[in-house]
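Comments concern the structure below.
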Amino acid sequence: MITYLLFLGTLAGIYAILALGLVVSWGQAGMVNLGLAGFFGLGAYASAILSGAGVPIGLAWCLATLLSAAAGIAFCLLTRTLRGDYLAIVTLGFAEGLRLVETNERWLTGGSDGISGIRAPLKSLLPDAFPSLYLAVTWAVVAVAVVLLARLLRSPFGRALRAVRDDEQVAAVAGKSVMRLKCQAFGIGAALFGIAGAVYAHFTSYIAPDNFGVQITIYIFLAATAGGYSRLVGAVAGALAVMTILEASRLAATAIPGLDAVEIAALREFAIAVALILIIQWRPDGMFRMTNQRAGTRPVARPVAADVHS
Amino acid sequence: MLIAEVAQYMVNGLVLGALVALPALGLTLIFSVQGFVNFSVAAQMTVGAYAAWAAGAALGWPPILIMPVAFVVPGILGIVADRLALAPVRRRPGAHTPLMLAVVSIALNLALENALHFLFGGDLRSFDLAVERDVSVAGIAMGPQQLRNLATALTIAVTLAAFFSLTRWGKAMRAVADNADLARLKGIEPARLAGLATFIGMGLAGIGGALLAIDTSVDPSTGSRLILIIFAASVVGGLTSLTGAVLGALVVGIVGEVALIVMPPVYQSLTAFVVILLVLLIRPNGLFAAVGVRR
């Protein structure tokens, strides 16, 4: 039971990192990344393959993060002159295309069998304490990400980002380089998806293409939405909520008599997707509740910093 | 020998392109009139395929009745899903509403796909048609069903062209697609055309799925597997041009099949993704978009 809880806790931490990435790119900069599962997978595979080739795990994590960020920035630059729909299409295509590569390049990725036996830090030294240690490592990454992002979003950069999100033209007139800000935010988001993938790969020690399907994208959108889109703490809370929903639905579905495993799985995915639709409908201004102050709409004295944190 | 081989791939590409043209037209129509990318066309393709399968294989209806079923079932389901899932989000206009709608539509796609998975299970369903001999002309072989698919797609394209150029509703839709503000100025309310656009768009996707299923088979992911090819077709066509969507589908279909000469078949979707990237690099508004028309 303890092992199970530690497992869920670590997984929730990984979801929290993903949700933080989405909050930066979607909540703060207004850019939709429908291929976050792809960046998650890219980070996981990159780190697994690199560490398998003898690269130290820490370095593998950094390289996986950089690779994912570079991919994100490249897609952002490619669609810079177009409506956000195009970025959504391209990132979704990236995730699907990457999954094809993962499934078919057996020499590199092990094909649909995936990669197993991925090394993990300290696992061989302390096999018993490993689950708790890794939980701590994962949540340390979450904490570092929250602290760094909070600083970043409170800075002029964060304010400029929200200005771009709320009205690109106004931000451009104010002298902000809209494209640069957007791609930076998108890159930071992609970097977080990448590091989440790396953490995931070394946690489960086994990855396969099926781990990086569109479902994970929906889970994380649900986590970010449930937490209020643009708030960092909300992303973490949302990740925990999604983890709870996932596990509760597993128990609830087994309680319904006469369903086989396939039907239960389908029902759960259906429920999660519907939950995301309902929550977007029910929280009309969720995404933009934390918008920048506009003249005359809020008390002037309120500090901008509260926008990011609270 | 090589020429014959390339010609064979091009014909295969034409068949694939004609099939993909239907959902791509649906996607483009909905984007033009409603202004957002509706990712659920993929699942609606599968809905059409299952509707056709249920009518044809389970109930034994003749092919002439199967196609209307494959059109109407996803069409109506599309309107219902639009009312239930998307309309509440659309009612709050804002700069980011189209992206919110895109996110909702991809959740909708997953929900529909899993509903089908729940109802029909994960097995492949086929129509158990008699095996027919390929038709061979000048060394290029084609299955009779592929020929029928090509004919069906062509018939539908001609019907649509007539609808858009001759009828009031069709002209109104084109006006909205060209410029929603100008159309509104002329008294055409885009919101009132939304339902019709969804019905036709999802119906087209459904027929595409049905044709694919008759030629091969259907399972819950039938449509989603084609999602990249569909989107590549629409992007090549510029996302708002109906003619562009058809031409784009043919381009993507032919490029995808001819690429098989050098690439393994599993990478056909990847070719489509590369096509998307190339078009965005070279001509972001699509290969066939008229200059000056923007949304």
*Could you tell me which residue of region B:108-167 is nearest to the other protein chains (Cβ to nearest Cβ), considering only residues that are of a type in the set (S, T, N, Q), within 24 Å of B:S241 (Cβ to Cβ) and within 21 Å of the chain's Cα centre (by Cα)?*
B:N109
_Conditions first: (1) farther than 29 Å from A:G258 by Cα; (2) in contact with a Pro (Cβ under 8 Å, 6 or more places away or on another chain). B:G48 passes all but one, so which condition is the exception?_
(1)
*Could you look through region A:78-89, keep only residues that are among the β-branched types (V, I, T) and surrounded by 18 or more Cβ atoms within 10 Å (Cβ to Cβ), and pick out the one that is nearest to B:F31 (Cα to Cα)?*
A:I89
*Among A:S116, A:S112, which is the only one that is more than 22 Å from the chain's Cα centre (by Cα) and more than 14 Å from chain B (Cβ to nearest Cβ)?*
A:S116
*Any chance A:V32 is surrounded by 17 or more Cβ atoms within 10 Å (Cβ to Cβ), within 14 Å of another protein chain (Cβ to nearest Cβ), modelled with pLDDT of 90 or more and not in a helix (DSSP H, G or I)*: yes
*asked:* Just to verify a result, which residue in region A:149-179, among those that are closer than 22 Å to A:L22 by Cβ and among the β-branched types (V, I, T), is nearest to the other protein chains (Cβ to nearest Cβ)?
replied: A:V164
_Being touching a residue at least 12 places away in the same chain (Cβ under 8 Å) and either within 11 Å of chain B (Cβ to nearest Cβ) or farther than 18 Å from A:L50 by Cα (or both) is the filter here; which residues of region A:100-109 pass it?_
A:T103
_Please verify whether A:A160 is farther than 22 Å from A:P131 by Cα and in contact with a Lys or Arg (Cβ under 6 Å, 6 or more places away or on another chain), treating the condition exactly as stated._
yes
*Which number in (1) closer than 12 Å to A:Q28 by Cα; (2) away from chain B (no Cβ under 14 Å) marks the one condition that A:K182 misses?*
(2)
*Before we move on, is B:A232 buried (at least 21 other Cβ atoms within 10 Å of the Cβ), under 20 Å from A:R99 (Cβ atoms) and within 13 Å of the chain's Cα centre (by Cα)?*
yes
_The listed residue being farther than 26 Å from A:Q169 by Cα and either acidic (D, E) or touching a residue at least 24 places away in the same chain (Cβ under 8 Å) (or both), out of A:L77, A:L66, A:L87, A:L122_ = A:L66
*Residues located in region A:55-85, provided they are among the β-branched types (V, I, T), within 19 Å of A:A198 (Cβ to Cβ) and at pLDDT below 95*: A:V55, A:I57
*Looking only at region B:200-232, which residues are closer than 22 Å to B:G170 by Cα and touching a Pro at 6+ places or on another chain (Cβ under 9 Å)?*
B:G201, B:M202, B:G203, B:L204, B:A205, B:G206, B:I207, B:G208
*Do any helices (runs of 4 or more DSSP H) entirely within region A:97-213 hold 3 or more residues that are over 30 Å from A:I2 (Cα atoms), among the hydrophobic types (A, V, I, L, M, F, W, C) and out of contact with any strand residue (DSSP E or B) (no Cβ under 9 Å at 6 or more places or on another chain), and if so, which?*
A:130-154, A:156-166, A:168-173, A:178-204
*Where residues in region A:90-99 are facing chain B (nearest Cβ under 7 Å) and either farther than 15 Å from A:S25 by Cβ or touching a residue at least 60 places away in the same chain (Cβ under 8 Å) (or both), which of them is surrounded by the most Cβ atoms within 10 Å (Cβ to Cβ)?*
A:G93
_Looking at (1) within 24 Å of B:A18 (Cα to Cα); (2) surrounded by 15 or more Cβ atoms within 10 Å (Cβ to Cβ); (3) within 18 Å of the chain's Cα centre (by Cα), which one does B:G195 not meet, given that it meets all the others?_
(1)
*What are the residue pairs meeting all of these: first residue in region B:265-279, first residue within 7 Å of chain A (Cβ to nearest Cβ), second residue assigned to a helix (DSSP H, G or I) and buried (at least 21 other Cβ atoms within 10 Å of the Cβ), Cβ atoms under 6 Å, and 6 or more apart or on different chains?*
B:S269/B:L228; B:L270/A:G97; B:F273/A:G93; B:F273/A:G97; B:F273/B:L228; B:I276/A:G93; B:I276/B:A232; B:I276/B:V235
*Members of region B:91-149 that are in contact with a Leu (Cβ under 7 Å, 6 or more places away or on another chain) and either exposed (fewer than 15 other Cβ atoms within 10 Å of the Cβ) or touching a residue at least 40 places away in the same chain (Cβ under 8 Å) (or both)*: B:L101, B:S105, B:I106, B:V135, B:N149
*Residue identified as at pLDDT below 90, under 26 Å from B:N114 (Cα atoms) and either small (G, A, S) or assigned to a loop (DSSP other than H, G, I, E, B) (or both) among B:S234, B:S269, B:S224*: B:S269
*Could you check region A:226-310 for helices (runs of 4 or more DSSP H) lying wholly inside it with 1 or more residues that are within 26 Å of the chain's Cα centre (by Cα) and at pLDDT 85 or above?*
A:232-255, A:261-282
*Which condition breaks for A:I256 when tested against (1) within 14 Å of chain B (Cβ to nearest Cβ); (2) closer than 25 Å to B:L99 by Cα?*
(2)
_Residues to consider are B:G253, B:G187; find the one that is closer than 25 Å to A:D85 by Cβ and either of a type outside the set (F, W, Y) or assigned to a helix (DSSP H, G or I) (or both)._
B:G253
*Quick one: B:V104 ticks every box in (1) aliphatic (A, V, I, L, M); (2) more than 9 Å from chain A (Cβ to nearest Cβ); (3) over 17 Å from the mean Cα position of the chain (by Cα); (4) in a helix (DSSP H, G or I) bar one, so which box is it?*
(2)
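The values are calculated or read from the model by the stated rules, or taken from the named source; none is laboratory data. Not measured: the values here are computed from a predicted model. When we count neighbours, we look across all protein chains shown, and the Cβ atoms used for this are built from the backbone with ideal geometry, even at glycine.
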